[in-house]
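The values are calculated or read from the model by the stated rules, or taken from the named source; none is laboratory data. On a predicted model such as this, the values are computed, not experimentally measured, just so you know. Methodologically, a virtual Cβ is constructed for each residue, glycine included, from the backbone with ideal geometry; neighbour enumeration extends over all protein chains shown.
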Amino acid sequence: MGPALLVGWVFFPLDEELGLLSGGLTARGEEMLVRLSTWMPYESARELLEDLLGMRVSKATAHRATLATGQAALAVWDAEVERLKQEAPQAPAGAEKQALSGDGAMVHLVRGEWAEVKTLAIGEVTRNTRGEVCTQQLSYCSRLGDAASFEQATLLETHRRGLDQAAEVCAVQDGAQWLQGLVDYHRADAVRILDFAHAAEYLNAIGQAVQAAGGRLPAGWLEGVLHRLKHQGPARVLRHLSWLAARYPSSLMQEQLTYLQKREAHMQYPIYQEAGWPIGSGSVESANKLVVEARLKGAGMRWERQNVNPMLVLRNAVCNRRWNETWAAAVTQRQALRSSWRQAGAFWTLVFWGARVSRLSHPPVAASTDPAAACSPEHPTRRLGAGYSWRQPFLRRPPSTSAVSGEAGAKK
């Protein structure tokens, strides 16, 4: 008996009826595996699934199922973004006072490359029981990509939160240029606030530069400057820093001072606090740890670039408490993709067998033995002339060298 022929991809109708996707797992089992893999490494997720449900799978199965789910969820997200861009529907009503913050975290890719994952955090600005300003009901959107693609990718999350319908919006973040473009894209009228901790880092760097140049500062200099900046604003602080830069000139000090001077309008902290705005971007900095670093920056982890965003979509789903809807949409997308594959395979199978049947039903015509039929009318056979001799050989043997030399000698 010969080897079986390769038939390609096949499907079993009962798999779709039972909701089975891949790996021989039940629908509930695969969902648990993917959800665990979203929180922890694949090997740990595999072991925990076996301990909890008694299901044994390989690490490769956990990786494959999670990646397929993430890719499907990412495709659904991108399709929704395109729909919003084309139809521009009105955003649902959200909180009246909202805050957004953006930041980046580095992720280690394969082949020693590092790349920045950008994250947007959106929350509702309220006051706690002690009357302190705080940001609650946070949600996140994280992507690996350039600033322009990130602006568009976050459109769905800002639409869900009703950012366009909010009466007041503030943007608390550092002074990176791509963050200013992000605010311009979503709410150009937002109150822009330079993160107070970020400003404190620059003040500390200036103080260290003064001491490195031989200057002496009081023991509580940094605390005093920060208190004045927070409660009195940046004008007096910047004048003091300009005096220090003139007395102890250095390129580093001038660079730090120029950075703060350009952002003086974003450091009006007394006004912001009076209006009930937060002055720190701790929400997005904690989002970097919660959403990105907790799963993508484990010990020894290296990521393929094309696998980062599928995992980030799942991380956003669990951190935003939208796992159920994300899973359902991903399953529908995967089933639709399998159906399209099956239809394409069936089409090309019909084409293949149709061609074979056509060849079998129309066998090639045998060559005719009639000399008259063999001659094509388009290329008639040339008639030979009357003086043609049929006794002439078809091929002539060239005369040998010895014969030629003998004949020449005889003529002499």
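Couple of notes before you dig in:
- Single match in LEU244, LEU217, LEU290, LEU229 (criterion: farther than 26 Å from GLN98 by Cα and in a helix (DSSP H, G or I)): LEU244
- Checking each residue in region 138-170 for being in a loop (DSSP other than H, G, I, E, B) and of a type in the set (S, T, N, Q) picks out only THR154.
- Close pairs (6 angstrom Cβ cut-off, 6 or more residues apart or separate chains): closer than 30 Å to MET32 by Cβ in region 62-91, assigned to a helix (DSSP H, G or I) and charged (D, E, K, R) anywhere: ALA62/ARG46; ALA65/GLU30; ALA72/ARG334
Condition check ((1) touching a residue at least 12 places away in the same chain (Cβ under 8 Å); (2) assigned by TED's automatic domain parsing to the domain that holds GLU264; (3) over 30 Å from SER242 (Cα atoms)) across all residues:
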residue	(1), (2), (3)
TRP114	no, no, yes
ARG127	yes, no, yes
LEU138	yes, no, yes
LEU163	yes, no, yes
ASP184	no, no, yes
VAL210	yes, yes, no
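- Selection count, region 279-333, where residues are loosely packed, with under 14 Cβ neighbours inside 10 Å, of a type in the set (A, V, I, L, M, F, W, C) and touching a residue at least 12 places away in the same chain (Cβ under 8 Å): 1
- Hey, ALA199 small (Gly, Ala, Ser), surrounded by fewer than 18 Cβ atoms within 10 Å (Cβ to Cβ) and assigned to a helix (DSSP H, G or I) or not: no
- For region 261-271, the criterion of being loosely packed, with under 15 Cβ neighbours inside 10 Å, hydrophobic (A, V, I, L, M, F, W, C), outside the structural domain of GLY175 (by TED's automatic domain parsing) and part of a helix (DSSP H, G or I) is met by at least one residue.
- Consider region 106-120 and keep the residues that are charged (D, E, K, R) and part of a strand (DSSP E or B). The one that is nearest to ARG302 (Cα to Cα) is GLU116.
Residue by residue, here is whether (1) at pLDDT below 95; (2) over 28 Å from GLU325 (Cβ atoms) holds:
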| residue | (1), (2) |
| --- | --- |
| GLY2 | yes, yes |
| GLY8 | yes, yes |
| GLY19 | yes, no |
| GLY24 | yes, no |
| ALA27 | yes, no |
| TRP39 | no, no |
| TYR42 | no, no |
| LEU48 | no, no |
| VAL57 | yes, no |
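- Whichever residue in region 34-76 is of a type in the set (Val, Ile, Thr) and closer than 30 Å to THR154 by Cα and, among such residues, is surrounded by the fewest Cβ atoms within 10 Å (Cβ to Cβ): VAL76
- Residue tally, condition under 30 Å from ALA88 (Cβ atoms) and hydrophobic (A, V, I, L, M, F, W, C), over region 174-229: 9
- Given (1) at pLDDT 95 or above; (2) surrounded by 15 or more Cβ atoms within 10 Å (Cβ to Cβ); (3) of a type in the set (Val, Ile, Thr), index of the condition THR258 fails: (2)
Every residue, every condition in (1) at pLDDT 95 or above; (2) outside any helix (DSSP H, G or I), yes or no:
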| residue | (1), (2) |
| --- | --- |
| TRP277 | yes, yes |
| GLU285 | no, no |
| ARG295 | yes, no |
| GLY298 | no, yes |
| ASN324 | yes, no |
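Each row is one residue, and each column tells you yes or no for (1) closer than 14 Å to ASN316 by Cβ; (2) in contact with a strand residue (DSSP E or B) (Cβ under 7 Å, 6 or more places away or on another chain); (3) not in a strand (DSSP E or B).
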{"position": "ARG64", "(1), (2), (3)": "no, no, yes"}
{"position": "LEU84", "(1), (2), (3)": "no, no, yes"}
{"position": "LEU100", "(1), (2), (3)": "no, yes, no"}
{"position": "GLY104", "(1), (2), (3)": "no, yes, no"}
{"position": "ILE122", "(1), (2), (3)": "yes, yes, no"}
{"position": "GLN136", "(1), (2), (3)": "no, yes, no"}
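- Going through (1) within 26 Å of GLN180 (Cα to Cα); (2) assigned to a loop (DSSP other than H, G, I, E, B) one by one, THR258 falls short only on (2).
- Here GLU293 meets the list (1) touching a helix residue (DSSP H, G or I) at 6+ places or on another chain (Cβ under 9 Å); (2) within 30 Å of GLN136 (Cβ to Cβ) almost entirely, failing just condition (1).
- Only one of the numbered conditions (1) surrounded by fewer than 23 Cβ atoms within 10 Å (Cβ to Cβ); (2) over 22 Å from the mean Cα position of the chain (by Cα) is not met by VAL172, and that is (1).
- Count of region 106-146 residues, restricted to those that are at pLDDT below 95, buried (at least 20 other Cβ atoms within 10 Å of the Cβ) and within 21 Å of the chain's Cα centre (by Cα), is 0.
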